[in-house]
Amino acid sequence: MTERKPPGINFETWVDRQVREAAERGAFDNLPGAGKPLASDSAPYDELWWIKGKMEREGISHLPPTLSLRKEVEDALAAAHEAASEAQARRIIVAVNEKIRAAIARPPAGPPLNKKPFDVEEIAAEWRERH
């Protein structure tokens, strides 16, 4: 921790001295990212830049529950179309339909879901056509 600025010394001079002394001690040697440009120096200002960067580095994402379920529904539909068997495709659709029904019965926080349960027979017919 640095000391308090002594009275009578110009603030800029005091800061410059602190930085110079730290550099002489080697406090800035071998810092991660040294000599590399800032990752977002041309990006528009974002108040949440640090939080978004931390979430990206940690591999964390956060979506409202309805948006997360929308993504899960899209992934389930794609998985059903690529399933190894019609029975597997049906199981995938039945499982996602349960989640959709639960979200319709008790809407989670966030934007509206705007999804309805899939017709299992229709998806099975699509699967048969593809395979």
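Annotations
- Taking every full run of DSSP H in the chain, the ones that stretch at least 27 Å from end to end by Cα along their long axis and average 0.0 or higher on the Kyte-Doolittle scale are 86-105.
- Cα convex hull of the chain - mean projected area over all directions, nm²: 15.6
- Radius of gyration (Cα atoms) of region 1-76, expressed as a multiple of 2.2 N^0.38 Å: 1.89.
- Each listed q (0.21, 0.23, 0.24 Å⁻¹) maps to a log10 I(q)/I(0) for region 55-117 from the Debye sum over equal C-alpha point scatterers, namely -0.83, -0.91, -0.95.
- The sum of -39500 (n - 2.57) across all DSSP H runs of n ≥ 4, divided by the residue count of the chain, sets its helix-only mean residue ellipticity at 222 nm to -18000 deg cm²/dmol.
- Cα convex hull, region 32-73: 111 Å³ per residue, rounded to a whole number.
We did not get these values from a lab; they are worked out from the coordinates using the rules stated. Just so we're clear, the structure is a prediction, and the values are computed from it rather than from any experiment.
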